[in-house]
Structure formats: structure tokens, C-alpha cells
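The values are calculated or read from the model by the stated rules, or taken from the named source; none is laboratory data. The model shown is predicted, which means the values in this text are computed figures rather than measured ones. Reconstructed Cβ throughout: ideal geometry from the backbone, glycine too, with neighbour counts over all protein chains shown. When the accessible area is computed, the model is the full protein with side chains, heavy atoms only, and any ligands, DNA or RNA have been set aside. Shrake-Rupley method; radii C 1.70, N 1.55, O 1.52, S 1.80 Å.
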Amino acid sequence: MADKPEELLTIQQQINKVLNDRLTILKSQESALMNQVQLAVDLCKSLKCEQLDDIEERLKSARDAMAAAAEEAAEFGTGLEESAGKGEKSVKSLDEAMAALRKRLDQVNPALKGFMLGLGGGLVKGVGSAWESIKNLNSMLFNVIKTLGGLALAIISIPFKIFQGIFELAQGSGGGPSPVLVELENIRKQFGNLATNEGRAVKGALADIRDEQWNIAKSGLSVRKIFGAGMEGIAKFLEETRELATAMGTALNGMMDVIKTSAPELAIYRKGMGMTAEQQAAIMKFANFSGKKPLNVMRQFASISIQMGDKFGVNAKLISRGMAEMAADVANFGHLGPKAFGSIATWAHKLGVEIKDLTGVMNAFSDFDTAAQNIAKLSQAFGIQLDTIQMIEAEDPAAMYDMIMKGMRESGTNYDSLDRQSRKYISTITQIPEAAAAAAFGHRGLNMSYKEFQRESAKAEKKVMTQEEAMQKLAKSIERVFPSGGGSK
């Protein structure tokens, strides 16, 4: 044992050097650890995550403990073995926590798992390395390790959705920002805070599509098949959900739950029925204003259009669009329902008449006086006989067309042989555009019976498909468009 002053001084200097070296290592590890934690917190905040108060508080506590350790580390003393036991216990607890985390991560995306284990493993390695480096110091330093162990456990306990968000950020194409985060920011700009009201409802579609990305709404189609691969596909789905919500306008507030919980189903309906966001929004608003569930009415529209298309050889998407156009025109068609929409749209497409060209005839026979005058003109000029009461009571414009067509057949009027002035005069009286009149009153039109379309539409209304049947039917039309995968353009 050294007993000379100079030897004691040398030993003390060596001890001081060891302590200073250990403190340098400790500070370096503390800095790296804090940077990892702060990165996770910053990323989480960028994703508008919640429940970070506890983590930040623990981070502050860890920093305070580090500062205290730096001040008191010089007090090298006794209790080393007891302190070592505490340090080992702390590291063991953290190892157990990380083992549990690894078990949980076995069920998640490998890329996310790698990221998580990289973060968690770094913490364990940092704490373990710190333990190896400072196990010859006093108990104060081991209390710091204990604090760090608590901090690591706090990080592990962050809600899993935070790390899903971090994964998305890491998956941005070309090393840039995640397209999902970009679209979430677009949603925030459009609808405000993502944690409340409309913003929250539209953002909620993200959770639904994650759960169903390999089988959207039980249709058998994946996100990749319809919207594209990876995060770009998810972002495209969110973009189209945002477009639908925007098209709904102020009506969105009353249907937030529909958007939040049924976005995947709505996506299949929109793609399968070939509608724009505005057309789909029109059907949903039509249902909501009628006091009916939008998703049920959407299914009814799809069911009728599919059945009518099969019966009359018209593409179901064309029928769906025509039905949506009528749903949007509340002034002229708001008094009708899906059954009438189905018969009118199918008849119009079969005949070659635009939906917008059907509304004028309703104005030409809107009341008794107007109807009587116009019917008299048709009788005087062309011998066409119509029942005034029937024309007034008719709510369906296609039925009004059909009555005029019947009157022309019975009078023997040949529209194809009429001169320009006579054709123009018929259009002026009936308020039917000349192109539509040529289609309706020509040879082909006069041989069509609208009543047949009405009967078939009534049958289709009674045999509405189930949700699963509708999804499967619509999926086939989508699959024909994108048979080998890849999103829509």
C-alpha cells in the first residue's frame, strides 16, 4: 500500500483521471440518447400525436439526473457493490421490456420493426454500455441509469400509432416527405384541426384503409390494385376521400361518421360505379336529406344500376352516373327515388337522350292552363292527342316523353319526314331540345316502351343486393380496368 505523499497524490490524480474519463463517456452517451429521444418526439409532434407530455417530462428528469450525476461523481466512496446491483437490475428490467417489444413487433411490418428495434436496441446498448463503463463509480451514477431505464420504458410505451407514423415518414418516395403526410397536411389545410370535427373524420379514413388495404371492403381488391403501390397508394386513397368530403360541402358535417367509418366502402362504390366525387356526394346528400343512411342508398343505387344494365345491355356505370345526375338536380328530380332514377337513366341511355334534356318537358306541362294550351297546339298542328290530366299528374319526365311518343304513333306523325320548321315548332311547344326530340320521336324511339323499363326497375328495387354482393359485383368492373395492378389515373 502506498504511504508516501507523492504516491498518494499520484493515485488520487489517476482516480480523478478515471472519473473524468467516465464522465466524458457518460456525457457522450447521454447526448446521443437524448438526441434519439428528441428525434422521436419531434417526429411524433409532426404527426400530431398525442400523449407526449409524460415522455417530455421524463426526458427533462433524465437531463436533470445527468446534471446531478456530473456534480456528485467526484464523491467516490463506498456502497459500490450495492449500487452495482441496482444498476444490473435496471438494465435487466430494460432488457425484459425490449424483449416484450420484440415479441410485439413480430406482427408488424418488417421495415417498421427494423426501425423500432434500431431505436430500442440503441437504448439498450447505450444503457448497457454505460453500465459497463461506470460500474466502478458510486451509487449516484447508477441512479442515473435507473432514470434512463425509466425513460426507455416510457419511449416503448408510446402509442403504437406514433411508430406507424414514423414508419410512414421513413417510407417517403425518393427520400422526400411521406406522401401520406403530405396528404394529411392537405386535409388539415382543407378541414382544419385533424383532431376534431371534419378534419378528424377525413383523417379517420387512414385507419380504416390500413386495416383493409389487402381486401378493401371485402371486395377482394387491394389498395395496390385500385390506387397504386406503397405509401403512394394510401395517399391516393386519402386524396380521393378528401375530394369526396370537399364535394359534400356543408353537408359533410352531418355525415362525418360515414366518411370516418365507411371510406373504404365508399371508394369501391365510387370506382365500381364510375362516378366523380361530385356525383357520389350528390347521392350521399340525396340520402341524407331524405333521412336515409347514405351507405344504404349508395348500395341501392349500385344494385339497381347493375341489374338494369344487365337487363337492357347498358353499361352500369353510365346508369349510375345518370342516377347521380338526377340526385343532384333536387329541383327537377328531388321528388323521385332510386327506382325512378334507375328506369329513367336506363331508358335515356338506351334512347340516346341526355338527362339534362328531360327537364324542359316538365315545365311545358307544369300546370293545367299551360298543359292545356300546349296540348291544343300539338293537336292543331300535328293531330297529336294527349290527356291533359295525365300529363299534369306525371312526375316522371321520361313518362311524359313516352306519352308524347305514343300520341305521335297513334296520329301517324312521322317525325323523320317533318321539315325544319315543324321540328322546331314541336321542340318549342314541348321544350324538348331538337337533338333529344329526334332521338325520341324518330323511328327507333317510337318503337320503345318506357313502361318496360319501369317494370324492370321496380323488380330491381325489390331485389337489392347485400353489401357483400354489391362489393363483389363492383370489384369485377374495377378489376377489368386494372387487371394487372396499379392505381387509377
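For this structure, a couple of remarks:
- When restricted to residues that are of a type outside the set (Val, Ile, Thr) and either under 14 Å from Ala399 (Cα atoms) or open to solvent by 60 Å² or more (accessible area, probe 1.4 Å) (or both), the range 442-483 contains 26.
- Residue among Lys473, Lys451, Lys462, Lys489 that is modelled with pLDDT of 90 or more, of a type in the set (D, E, K, R) and either under 30 Å from Ala235 (Cα atoms) or touching a His at 6+ places or on another chain (Cβ under 7 Å) (or both): Lys473
- Counted residues, the range 249-261 - those being in contact with a Gly (Cβ under 9 Å, 6 or more places away or on another chain) and under 13 Å from Ala277 (Cβ atoms): 1
- Helices (runs of 4 or more DSSP H) completely within the range 176-290 that count 3 or more residues being open to solvent by less than 50 Å² (accessible area, probe 1.4 Å) and among the β-branched types (Val, Ile, Thr): 256-272
- Yes/no for Arg210 being among the basic types (Lys, Arg) and modelled with pLDDT of 95 or more: no
- Scanning the range 413-441 for residues that are part of a loop (DSSP other than H, G, I, E, B) and of a type in the set (A, V, I, L, M, F, W, C), we see that the one that is surrounded by the fewest Cβ atoms within 10 Å (Cβ to Cβ) is Leu418.
- Search result, residues across the range 313-365 that are farther than 30 Å from Leu378 by Cβ, out of contact with any Phe, Trp or Tyr (no Cβ under 6 Å at 6 or more places or on another chain) and in a helix (DSSP H, G or I): Ala316, Lys317, Leu318, Ile319, Ser320, Arg321, Ala324, Ala328
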